Amino acid sequence: MLKEGFFDEHWGAGWPNLREIEACMLDPVRREAYFKAGRDGGSFFAKGLHGTEGLTPESGRISSALYLSLSPGLGASLQYNRWDVRQQKLLVFVSRGDLSRLGEFVRSFHGTPLSVGLFISFEDGFRAVKEFIETEGEQPTSIEWIDAETLPPETFPDP
């Protein structure tokens, strides 16, 4: 399976060390330094789950991705994507936060609008990232997810 990760100082093949992710997310001093360095998230990719690495997406390769956005006052927002070969469809799930706040937005350091209603605690966010890495790209079960298709379109405005 091909693994790629982009978080803090790790950019490329393999996944970053879990201790580094944990420090950035759970230690307030390290987290503040992470934000001051202009960082506010990461992404993790698994291509070829369940022994499908030799296949193409069209012929059955299973791939997943976990996207992480962090906000100093809100916590973590996650998005899990998985290519479903049976349906030839990208499945997209987002972390379930306080859904009464879906219409409120913060901007990432890159200017992307993020729905406040999809943020969860840093602790819960770290558990989900850890589970994704430990289960080799499977969708974490340690947090609640929402199928992105079921949310109002204004939840994901154009940047």
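Please calculate how many Å² of accessible area the chain carries per residue, with a 1.4 Å probe and no DNA, RNA or ligand atoms counted.
About 52 Å² of surface per residue is accessible.
Cα-based count: Lys pairs in the stretch 1-140 below 23 Å, eight or more positions apart or different chains?
Count of close lysine pairs: 5.
Quick one: if the Förster radius is 30 Å, what FRET efficiency do Gln87 and Glu20 give, using the C-beta to C-beta distance and rounding to 0.05?
FRET efficiency, Gln87 to Glu20: 0.25.
Give me the extension gain from Glu58 to Phe105: residue separation times 0.36 nm, minus the current Cα-Cα distance, reported in nm with one decimal.
So the extension gain works out to 13.3 nm.
Rg/Rh for the chain to two decimals, with Rh computed the Kirkwood way over all alpha-carbon pairs.
Ratio value, two decimals: 0.96.
How much net charge surrounds Val85 when only the other residues with a Cβ under 14 Å from the Cβ of Val85 are counted, with Lys and Arg +1 and Asp and Glu -1? Don't jump to the answer; show the numbers that get you there.
On the way: positive: Lys47, Arg61, Arg82, Arg86, Lys89; negative: Glu53, Glu58, Asp84.
In short, +2.
Quick check: at a probe of 1.4 Å, how many percent of the accessible area of the chain sits on carbon and sulfur atoms?
Answer for the chain is 52 percent, counting heavy atoms of protein chains only.
Taking GluC sites (Glu not before Pro) as candidate sites, keep only those in a DSSP loop with at most 10 other Cβ atoms within 10 Å, then name the longest stretch of the chain containing none of them.
Longest site-free region, per DSSP loop and neighbour criteria: 59-159.
The values are calculated or read from the model by the stated rules, or taken from the named source; none is laboratory data. Since we're looking at a predicted model, the values are computed, not measured. Cβ atoms come from the backbone with ideal geometry, glycine included; neighbour counts cover every protein chain shown. Just the protein is used for accessible areas: all its heavy atoms, side chains included, with ligands, DNA and RNA removed. Shrake-Rupley method; radii C 1.70, N 1.55, O 1.52, S 1.80 Å.
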